[in-house]
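Comments concern the structure below.
Derivation of every value follows stated rules applied to the coordinates shown; laboratory data play no part. As the structure is a prediction and not an experimental result, all values here were calculated from the model. Glycine gets a Cβ as well: all are built from the backbone with ideal geometry, and neighbour counts include every protein chain shown.
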Amino acid sequence: MKDEISVDALKKRIECAQGEESCDLLFVNGRVVSTFTGEVLEVPVGVSGGRICAVGGGKLKAKKTVDLDGAYLAPAFTDPHIHVESSMLTPEGFAEAVVPRGTGATVSDPHEIVNVLGMKGYEYIKGAAAGLPLDIFFTIPSCVPATHMETSGAELDAAATAGALADHQEARALSEMMNFPGVITGLDDVLGKIAAARVADRPIDGHSPGLVGDGLNAYLNAGIFSDHECFEAKEAVEKLRRGVWVFMREGSAAKNLVDLLPAVTKENLCRLCIASDDRHPDDLVNQGHLDHSLRVAVQAGLDPLSALRMVTLNPAQAYGFRDRGGIAPSFMADLVVLEDLREFKVKSVYHGGRLVAEHGSLLEPVSRKPAEDTFSSVSLPGDLSERFRAYPERGRVRIIGVEPEQLLTGRLEGEASDAGPGKIQFAAVVERHRGTGNVGLGFVEGFGLKSGAIASTVSHDSHNLVVVGVSPEDMAAAAGAVGRMGGGLAVVRDSKVLASLPLEVAGLMSRRGSREVAEQLGRVKRAASECGCVLPAPFMTLSFMALPVIPALKLTDMGLVDVDKFEIVPLEM
């Protein structure tokens with residue numbers, strides 16, 4: 001990060017550090033977390049011009065003194081990999097939810113909105129993030145679309161990606177390269193994007209679930225530096241041994257943190273981070289953000305200071321932020337005051353040396369930026385009722401097997417005649433961007449619906465409409481309800497809408513407040529449960545059912561995808 005500071009301001013910081021001038025803030029009587037050494041120090045901390053000017057020292061003076069009364073002072077948290085859009089909140093609402101929880105920065109991949117709106121979506125979300133009481137650093141999406149087996153609202157080929165990297169010098173990296181089969185098999189356009197990032201001197205985020213051995217070696221030759229898709233500790237260890245930064249994920253649908261903790265050692269701690277990837281608004285509001293992940297990690301046995309390093313100094317070092325992640329002279333005064341290092345209850349949050357949140361709330365309301373250009377992103381075929389009647393009525397069929405809190409799906413088989421209430425449901429993905437009329441049909445096991453249907457325009461990463469139900473009639477009704485809202489989530493039973501959540505911004509996000517959206521999502525999830533759904537996060541699971549880069553069987557608007565073969569396969573066997 002460039003330190004945009006005048007000579008006079010720098011002189012003042014130096015003078016403040018020596019007690020010749022008064023600091024803007026002086027924190028006293030606190031326990032200061034040193035993420036550099038893994039210690040807790042009982043020293044004063046001075047702040048001048050939005051940056052730390054002194055840690056310790058007996059001559060410090062201050063315009064304002066903050067008595068911490070024994071509380072812990074730590075760097076604000078940084079999430080090294082998250083999709084803001086998956087919070088179903090615009091950046092403004094996202095800030096409302098996460099800043100009071102101690103988050104000071106994120107590295108955010110906007111490939112959700114870019115898959116819908118192209119670089120116009122990037123410009124919107126970057127503008128909406130400006131001026132917030134946290135710093136959202138964006139990356140340039142690498143997979144728009146993620147594969148050739150789906151239809152997105154936009155396409156960024158290698159040339160367009162190179163142009164985006166050149167036009168947006170603020171972008172920290174090339175976003176997660178999800179098309180790892182394309183890398184390994186040497187697809188020209190995929191390698192062209194990687195080459196563009198290398199020429200632009202940007203790191204390249206990775207995405208390689210389950211990839212080990214020769215395939216991993218091949219993938220890493222592209223210069224991939226990170227991965228957030230490890231599901232087992234031995235996979236994480238292998239990737240660490242090959243120089244990969246491993247981001248241990250604790251999201252709403254995928255919770256891998258506890259499973260990966262056995263991989264952590266004092267020797268490899270410096271290459272590990274904790275990330276969210278995708279986190280729903282109700283979880284952000286009710287459970288928290290990285291503060292929740294810290295609780296999970298520590299309760300599972302991880303040392304608290306090690307856990308803190310994984311959400312502060314390590315993410316900063318991974319992305320080259322030289323002035324973040326620690327409490328030290330010249331570092332940003334992005335700070336969080338914690339009651340303890342087990343529950344990580346946040347008392348107050350400072351951003352650039354300014355108090356921005358206290359007792360669980362922002363001190364000042366966040367105004368919304370205009371978003372009208374992102375509306376009207378949903379256009380559905382008019383004959384869905386008829387299209388949804390095209391499922392085979394009998395015979396052996398391939399079935400997508402979903403599991404709670406996992407993105408991996410099973411490759412199952414069953415009888416088409418068993419579809420309906422109970423074990424097996426109908427599934428469909430409807431193209432909603434370009435009016436192609438594409439409708440992919442499939443079967444799914446694991447939702448447990450006994451009645452009705454659920455539908456959403458949030459479906460990674462092309463974000464076509466995805467729907468699961470016990471009958472074609474309820475599926476058509478659910479799809480229609482979402483279409484009339486201009487995008488969002490809906491639960492239907494007997495063709496009646498039980499609950500819905502409008503997501504007017506690109507069919508992905510709501511401009512309403514974080515608590516209101518969380519409450520609406522809660523009603524939608526309860527309605528799904530009333531229809532028999534057994535999944536704790538059904539809409540998150542629903543959204544990843546359409547992502548054809550995570551094994552094993554997925555569904556897109558073009559049909560059923562065998563991810564291991566990386567090809568579309570027949571529904572019937």
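In a DSSP loop and with at most 14 other Cβ atoms within 10 Å, the chymotrypsin sites (Phe, Trp or Tyr not before Pro) in segment 11-73 are 36. Each peptide in 411-421, 543-553 receives the mean, over its residues, of other Cβ atoms within 10 Å, and ordering these scores from highest gives 543-553, 411-421. Entry note: segment 374-569 has Rg to Rh equal to 0.93, where both radii use alpha-carbon atoms and Rh is the Kirkwood radius.
Taken about its Cα centre, segment 77-320 carries a charge dipole of roughly 700 debye when the Cβ of each Lys and Arg holds +1 and the Cβ of each Asp and Glu holds -1. Over all pairs of different C-alpha atoms, segment 288-411 has a mean inverse distance whose reciprocal, the Kirkwood radius, equals 19.9 Å. For segment 374-569, a simple Cβ point-charge model (Lys and Arg +1, Asp and Glu -1, everything else neutral) yields a dipole of about 420 debye relative to the Cα centre.
Pairs of Cα atoms nearer than 8 Å and 6+ residues apart set the relative contact order; for segment 77-320 it is 20 percent.
Note that segment 272-356 carries a Kirkwood radius of 13.7 Å, evaluated over its alpha carbons pair by pair. Sorted from longest to shortest, the spans of the Cα atoms of segment 474-573 along the three principal axes equal 42, 29, 26 Å. Dipole of segment 77-320 computed with +1 at Lys/Arg Cβ and -1 at Asp/Glu Cβ about the Cα centre; of 299, 203, 219, farthest Cα towards the positive end is 299. Binning the alpha carbon pair distances of segment 445-488 at 5 angstrom intervals from zero yields the distribution 5, 25, 28, 23, 14, 3, expressed in whole percent. Dividing the mean sequence gap of close Cα pairs (under 8 Å, 6+ apart) by how many residues segment 374-569 holds gives a relative contact order of 24 percent. Restriction of the GluC sites (Glu not before Pro) in segment 283-382 to DSSP coil positions whose beta-carbon has at most 13 other beta-carbons within 10 angstrom yields 339, 343.
In the structure displayed, which of 120/193; 193/239; 126/565; 126/266; 234/554 lie more than 27 Å apart, Cα to Cα?
From the list (120/193; 193/239; 126/565; 126/266; 234/554), the Cα-Cα distance tops 27 Å for 126/565; 126/266.
Taking Cα centre as origin and charging only the Cβ of basic (Lys, Arg, +1) and acidic (Asp, Glu, -1) residues, the dipole magnitude of the chain rounds to 840 debye.
Close amide H pairs (under 5 Å, H built 1.01 Å from N) link residue 280 with 252, residues at least 5 positions away or on another chain. Computed over segment 1-148, the percent of Cα pairs more than 27 Å apart is 41. Which of the listed residues, 320, 276, 77, is farthest toward the dipole's positive end in the chain, when Lys, Arg count +1 and Asp, Glu count -1 at the beta-carbon? The listed residue farthest towards the positive side: 77.
Under Stokes-Einstein, with the Kirkwood radius over Cα pairs standing in for Rh, what whole-number D in µm²/s applies to segment 77-320 at 25 °C and 0.890 mPa s?
Answer, rounded: 137 µm²/s.
The helix-based estimate of mean residue ellipticity at 222 nm for the chain, built from -39,500 (n - 2.57) per DSSP H run of four or more residues and divided by its residue count, is -7500 deg cm²/dmol to the nearest 500. Take each peptide in 238-245, 42-49, 376-383, count the other Cβ atoms within 10 Å of every residue, and average; sorted highest first, the result is 42-49, 238-245, 376-383. Only aspartates and glutamates eight or more places from residue 423 in sequence, or on another chain, were considered; those with a Cα closer than 12 Å are 415, 445.
Among the lysines, which fall within straight-line cross-link reach of residue 496, defined as a Cα-Cα distance under 17 Å, with same-chain neighbours fewer than 8 residues apart omitted? Once the sequence-local lysines are set aside, what remains near residue 496 is 450, 525.
Close amide-amide hydrogen proximity is noted between residue 79 and 105, 106, 107, each under 5 Å apart and 5 or more residues distant or on a separate chain (H modeled in the peptide plane; Pro and chain starts excluded).
Pull up the cross-link candidates among the aspartates and glutamates for residue 11, meaning alpha carbon to alpha carbon under 12 Å and not fewer than 8 places away within one chain. Within the straight-line limit of under 12 Å, residue 11 reaches these aspartates and glutamates: 20, 21. If contacts are Cα pairs under 8 angstrom and at least 6 residues apart, what is the relative contact order of the chain in percent? So the answer I get is 15 percent. So, R0 is 35 Å and r is the distance between the beta-carbons of residue 195 and residue 390; what FRET efficiency does that work out to, to 0.05? Using R0 = 35 Å, I get an efficiency of 0.25. For the chain, DSSP calls about 70 percent of its internal beta bridges antiparallel. Compute the signed sum of charges (Lys and Arg +1, Asp and Glu -1) over the other residues within less than 11 Å, Cβ to Cβ, of residue 379. So the surrounding residues net to +1. Along the axis of the charge dipole computed for the chain (Cβ charges of +1 for Lys and Arg, -1 for Asp and Glu, origin at the Cα centre), the listed residues 285, 22, 182 are led at the positive end by 22.
Normalised radius of gyration (Cα atoms, divided by 2.2 N^0.38 Å) for the chain: 0.98.
Between residue 495 and residue 403, the FRET efficiency estimated from the beta carbon spacing at R0 = 30 angstrom works out to 0.50.
Here the ratio of the Cα radius of gyration of segment 216-344 to 2.2 N^0.38 Å is 1.06.
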